[in-house]
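The block underneath contains the structure these notes are about, expressed in structure tokens.
The values are calculated or read from the model by the stated rules, or taken from the named source; none is laboratory data. Everything quoted here is computed from the prediction, not taken from an experiment. As a convention, Cβ positions derive from the backbone with ideal geometry for all residues, glycine included, and neighbour counts pool all protein chains shown. Protein only, heavy atoms only, side chains kept; ligands, DNA and RNA dropped before computing areas. Shrake-Rupley method; radii C 1.70, N 1.55, O 1.52, S 1.80 Å.
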Amino acid sequence: MAEKQKESKVSKEVSKDKAESSYLEYLPKLSRRGFLAAAGIGALAGLTGCLRLGEEKKPAAAPAAPPKHEVPPGEWDEYYGFWSGGHSGEVRILGVPSMRILKRIPVFNFDCTTGWGITEQSRKIMGTKYQTGDTHHVHLSYTDGTYDGRYAYVNDKLHARLARIRLDYMEVDAIVELPNAQGTHGIFPQRAPRTGYVFCNSEFQLPQPNDGRNMDVRDKYYGMHTAVDGETMELKWQVMTDGNQDLCATDYKGKYSMATCYNSEKGFTLEDMMAKDRDYLIVFNISRIEKAIKNGEYMSIGDSPIPVVDGRMTSPLFGEAVIHIPVPKSPHGVNVSPDGKYAICSGKLSPTCTVVDLAKVDDVFAGKLKPEEAIVAQPELGLGPLHTVFDGRGNAYTSIYIDSVVCKWNIEKAIRQYKGEKVDPIVDKIDIHYQVGHVNASMSETKEADGRYLVSLNKFSKDRFLPVGPLHPDNDQLIDISGEKMVLLKDEPVWPEPHDCVIVKRDVILSVIKRVDDPNRYPNRVGPDDNRVERVGERKVNVYMTSQAPKFGLTEIRVKEGDEVTVTITNLDTIEDLSHGFAIPKHDVNMLINPGQTQVVKFTAGKPGVYWYFCTWFCHALHLEMRGRLLVEPR
Ligand code: K7E
Ligand code: CUA
């Protein structure tokens, strides 16, 4: 059955078989979707009602016809969602609003589906140092305040790394390990004029250098803010600060990056970290940091040559290049509104959010205002505010962890309330299930925030799904935020623990994504006449082979026991979706070769005998026959 489907798809797609053609060509077909949405109030609203029989009735406040989040078979979602993969170390792509999982991109993790960590190309990017990772935050590259479709960046909190995914192929092309840092948590790309820098916060403070000195001297532990060039993935500079750095944000003008600090006490234990009732938002003035580096006002730490600027409270650059804006104790998220005006710190241990006016931050750096005078509102929202997102209509949505709600509130009203007016900034609250970490909304992190969908990424699912033992899935809930009231649309169990996501208009991706791989990316590609086994040394063999459904270019590969064998395979198929695999029993080889791609894998030939190598992707009616013999002769 599966092979039939693939075959019929293949024949249909042959005519469109062009590497350079764009998926945007498909869009006319999709215009039906717009029609469906428009017609939703009529016939389809009735259908939705039908499908929901037996479900609990929506509260009376629900709009008459919530936008359809069901995406019918064969139709496409309106948004791409990029989810971090938490402990798995990967990044996931979902369609929004259907919440269908479309892809898992291995990043810091080994993956047999694609051969990530197995092919030579991927091993070069991953390195061999670590096999574990912990991804929390995925953000895309920007030009002029909105997504430009070039890259996605993701942090590894575990080993202080930053990875980049190129969005045209949806694969990782660079991973950089940050020096002088641990717990690389919040990351954020520069939003203007262009990414530019990607800023990375270290949540854990360390003695600097971290070489066994000062391990018990609390005052000598510092946080580190790292700027990576998002284009070259080179380390550019660091700023050493007092206090740790949790979440990260950038403004819309390219002037500032920011970090919330929840451990200004420099505590080693939980109790230590709770001592003060004020922490702060650290704001970094990018041009002044660059100027300091130009003037030679930096140091280097340990064996890393990267310039480190002193942003500690004792430094002459404190107040000049780095400021602290005091906020209630232990803030978590910091998010900048799509109009670029406000940075909002979510309180975590305080039931408030603190609204910082970025125009006033300019005045603080100009010496005209005190840091605390940049605060223009502090609405009380509930217990445990963690992250805040936006609808582009002046409203903010804050995840409230302890209360298990998402709180919608109006920013201007909060500012008026702070000035003493008797107004309630809270517009609506919706229960979620349960214990929300991040929320994110469609295009919320760009100047094009469109206020359609919000996803609440809940840490606990408890009773929402079929029980599967002590480890439950997380529960990502889709919420309609297009109206005054929020409406819960869907529960989606997810493999723990994504933390965060971004939701991106599909055109951003459709205009860049490739249908098949570009053969010219691979100077080592193997042509139809190049199939061969070449002995290049006493113990070294190179194999060059093609794959084209349903055959490999070689039906046998003859080597000697203990040979180091390098196999280069080019997939000559150029038809969309026609991937092949290459796996060898007992040799730990299992990789994917997409249409147009050339992959390289290296292994050492084992004990003498016959090993059938085979294609692992169901590519053809004769897929099972797509194999050959690795013949290992005694030495
Ligand atoms: Cu709040 Cu790592 Cu973004 Cu988890 S962080 S929730
Ligand atoms: Cu090629 Cu299965």
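Which is touching a Pro at 6+ places or on another chain (Cβ under 8 Å) and either more than 13 Å from ligand 2 (Cβ to nearest atom) or on the phi > 0 side of the Ramachandran plot (or both), of 555, 598, 568?
Values: 555 fails: touching a Pro at 6+ places or on another chain (Cβ under 8 Å); 568 fails: touching a Pro at 6+ places or on another chain (Cβ under 8 Å).
Criteria check complete, one pass: 598.
Before we move on, is residue 329 surrounded by fewer than 23 Cβ atoms within 10 Å (Cβ to Cβ) and touching a residue at least 12 places away in the same chain (Cβ under 8 Å)? Let's see the steps before the verdict.
Details: surrounded by fewer than 23 Cβ atoms within 10 Å (Cβ to Cβ): yes; touching a residue at least 12 places away in the same chain (Cβ under 8 Å): yes.
Yes.
If you go through region 585-624 one residue at a time, how many are open to solvent by 30 Å² or more (accessible area, probe 1.4 Å) and of a type in the set (Ser, Thr, Tyr)?
Count: 3.
How do the pairs read when you match residues in region 350-375 that are touching a residue at least 24 places away in the same chain (Cβ under 8 Å) and open to solvent by 60 Å² or more (accessible area, probe 1.4 Å) with residues anywhere that are part of a strand (DSSP E or B) and not hydrophobic (A, V, I, L, M, F, W, C), using Cβ under 8 Å and keeping only pairs 6 or more apart or on different chains?
Here the result reads 372/326, each pair linking region 350-375 to a residue that is part of a strand (DSSP E or B) and not hydrophobic (A, V, I, L, M, F, W, C).
Could you grab me the full set of residues in region 458-484 that are more than 16 Å from ligand 1 (Cβ to nearest atom), in contact with a Ser or Thr (Cβ under 7 Å, 6 or more places away or on another chain) and touching a residue at least 40 places away in the same chain (Cβ under 8 Å)?
Result: 479, single match.
With the condition kept exactly as written, say whether any residue in region 529-548 is more than 13 Å from ligand 2 (Cβ to nearest atom), open to solvent by 20 Å² or more (accessible area, probe 1.4 Å) and either aliphatic (A, V, I, L, M) or within 22 Å of residue 111 (Cβ to Cβ) (or both).
Filtering region 529-548 for residues more than 13 Å from ligand 2 (Cβ to nearest atom) gives 529-544.
After this cut, where a residue has to be open to solvent by 20 Å² or more (accessible area, probe 1.4 Å) as well, the list is 529-540, 542, 544.
From the residues that got through so far, the ones that are either aliphatic (A, V, I, L, M) or within 22 Å of residue 111 (Cβ to Cβ) (or both) too are 533, 536.
Looking through region 529-548, at least one residue is more than 13 Å from ligand 2 (Cβ to nearest atom), open to solvent by 20 Å² or more (accessible area, probe 1.4 Å) and either aliphatic (A, V, I, L, M) or within 22 Å of residue 111 (Cβ to Cβ) (or both).
Scan region 585-617 for residues that are assigned to a strand (DSSP E or B), within 26 Å of residue 518 (Cα to Cα) and under 33 Å from the mean Cα position of the chain (by Cα) and jot them down.
589, 590, 591, 592, 593, 598, 599, 600, 601, 602
Residues of region 485-508 being within 16 Å of ligand 1 (Cβ to nearest atom), in a loop (DSSP other than H, G, I, E, B) and in contact with a Leu (Cβ under 8 Å, 6 or more places away or on another chain), which ones? First the steps, then the outcome.
Step one: list which residues in region 485-508 are within 16 Å of ligand 1 (Cβ to nearest atom), which gives 494-503.
Checking the rest, the ones that are also in a loop (DSSP other than H, G, I, E, B) come to 495-500.
Listed by number, the residues that qualify are 496, 498, 499, 500.
Determine the pairs where a residue that is away from ligand 2 (no atom under 16 Å from the Cβ) and assigned to a strand (DSSP E or B), located within region 229-251, has a partner that is among the basic types (Lys, Arg) and open to solvent by less than 10 Å² (accessible area, probe 1.4 Å) with Cβ atoms under 7 Å apart, the partner being 6 or more residues away or on another chain.
Once the first residue is away from ligand 2 (no atom under 16 Å from the Cβ) and assigned to a strand (DSSP E or B) and sits in region 229-251, its partners that are among the basic types (Lys, Arg) and open to solvent by less than 10 Å² (accessible area, probe 1.4 Å) give 250/191.
Quick one: which of 402, 323, 306 is assigned to a loop (DSSP other than H, G, I, E, B) and either within 15 Å of ligand 1 (Cβ to nearest atom) or free of Cβ contacts under 8 Å to residues at least 60 places away in the same chain (or both)? Steps first, answer last, please.
Working: 323 fails: assigned to a loop (DSSP other than H, G, I, E, B); 306 fails: either within 15 Å of ligand 1 (Cβ to nearest atom) or free of Cβ contacts under 8 Å to residues at least 60 places away in the same chain (or both).
It is 402.
Just one of 277, 310 is among the charged types (D, E, K, R) and either in contact with an Asp or Glu (Cβ under 9 Å, 6 or more places away or on another chain) or open to solvent by less than 10 Å² (accessible area, probe 1.4 Å) (or both); which is it? I'd like the intermediate steps shown before the answer.
On the way: 277 fails: either in contact with an Asp or Glu (Cβ under 9 Å, 6 or more places away or on another chain) or open to solvent by less than 10 Å² (accessible area, probe 1.4 Å) (or both).
Going through 277, 310 in turn, just one is among the charged types (D, E, K, R) and either in contact with an Asp or Glu (Cβ under 9 Å, 6 or more places away or on another chain) or open to solvent by less than 10 Å² (accessible area, probe 1.4 Å) (or both): 310.
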